[in-house]
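Accompanying notes for the structure given below.
The values are calculated or read from the model by the stated rules, or taken from the named source; none is laboratory data. All figures in this text were calculated on a predicted structure; none of them were measured in a lab. With ideal geometry, Cβ positions are generated from the backbone for all residues, glycine too; neighbour counts draw on all protein chains shown.
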Amino acid sequence: MDPLSAVSVELAELDGRITDIFRALSNGFQKLEKIKDSNRQSRQLEELTDKMRECKRLIKEFDREAKEEESRATADTNRMLSEKRQSMIKELNSYVALKKQYAGNLENKRADLFDGPGGEEGPDEQNVLLASSMTNQQLMDTGNRMMDDTDQTIERSKKVVHDTINVGAETAAALKAQTEQMSRIVNELDSIHFSIKKASQLVKEIGRQVATDRCIMAFLFLIVIGVIAIIIVKIVNPHNKDIRDIPGLGPPAARRLLWDQK
């Protein structure tokens, strides 16, 4: 029975997944040695890098589960878990160094295509030589530091994405509010335009009525003036036969007495 299974099923499952990734990395680097084409080597390195990232994530999860078991496990179990974790980190760091070595070789090949043979060692080769001279503990510390830096970079990227999403949501809400406000303004302008149109029609109708009323008043005024003029003329010259009597305004008829008829 696997010792990890006796401690925790989750730890045993994580150990199995990490072992599978290490086996895939080993086979992948063996396959990489047989590939001669630079483009295919580059694609193979990208696939191996993705596997190493996944392995790093699983190791951190393994470490988290192991720390949760520390309070319940014995000293021997905790020592076994610590050694297991250090072994995983050491093996992952060896694959990281191997990946850097192959990446440096690819860069040198590409540089040789443009610059020709010769030249000094690049920074990747110097890093590989430096890594090969480190002790296991230094490799573990370096690997942990690299993983922590990567985690911090990922967290910062997540924060930037989250802030961008919030800004986009706020901008969309503001645009929606402005669009609704513009719609209300357009509706109000339509109402104002309709009111102005109705008012213009009403003013025109009132103008026509006023013009008609003025014509009628002027005609009545002329009639009144004519009547007054006739009355004045009849009063001044009552015997003028050229002006007909106005009904109701003629001179009184002479009264005939009864004794005048005899």
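Do the conditions hold for residue 17, that is, is it within 15 Å of residue 144 (Cα to Cα), touching a residue at least 24 places away in the same chain (Cβ under 8 Å) and basic (Lys, Arg)? Break it down into steps so the answer makes sense when it comes.
Details: within 15 Å of residue 144 (Cα to Cα): no; touching a residue at least 24 places away in the same chain (Cβ under 8 Å): yes; basic (Lys, Arg): yes.
Answer is no for this residue.
Being under 20 Å from residue 57 (Cβ atoms) and at pLDDT 80 or above is the filter here; which residues of the range 156-177 pass it?
156, 159
For residues in the range 1-25 being assigned to a helix (DSSP H, G or I) and out of contact with any helix residue (DSSP H, G or I) (no Cβ under 8 Å at 6 or more places or on another chain), which is surrounded by the most Cβ atoms within 10 Å (Cβ to Cβ)? Before the answer, list the steps.
Our first condition is that a residue be assigned to a helix (DSSP H, G or I); within the range 1-25, this holds for 3-7, 9-25.
Checking the rest, the ones that are also out of contact with any helix residue (DSSP H, G or I) (no Cβ under 8 Å at 6 or more places or on another chain) come to 6, 9, 13, 16, 19-20, 23.
On the way: 6: 12, 9: 10, 13: 15, 16: 13, 19: 13, 20: 13, 23: 10.
Of everything passing the filter in the range 1-25, 13 is surrounded by the most Cβ atoms within 10 Å (Cβ to Cβ).
List the residue pairs whose Cβ atoms are under 6 Å apart, where the first residue sits in the range 69-96 and is without any contact (Cβ under 8 Å) to a residue 12 or more places away in the chain, the second is assigned to a helix (DSSP H, G or I) and of a type outside the set (A, V, I, L, M), and the two are 6 or more positions apart or on different chains.
70/78
Determine if the range 49-72 includes at least one residue that is modelled with pLDDT under 90, assigned to a helix (DSSP H, G or I), among the hydroxyl-bearing types (Ser, Thr, Tyr) and out of contact with any His (no Cβ under 9 Å at 6 or more places or on another chain).
Within the range 49-72 (the criterion being modelled with pLDDT under 90, assigned to a helix (DSSP H, G or I), among the hydroxyl-bearing types (Ser, Thr, Tyr) and out of contact with any His (no Cβ under 9 Å at 6 or more places or on another chain)), the answer is no, since none of the residues qualifies.
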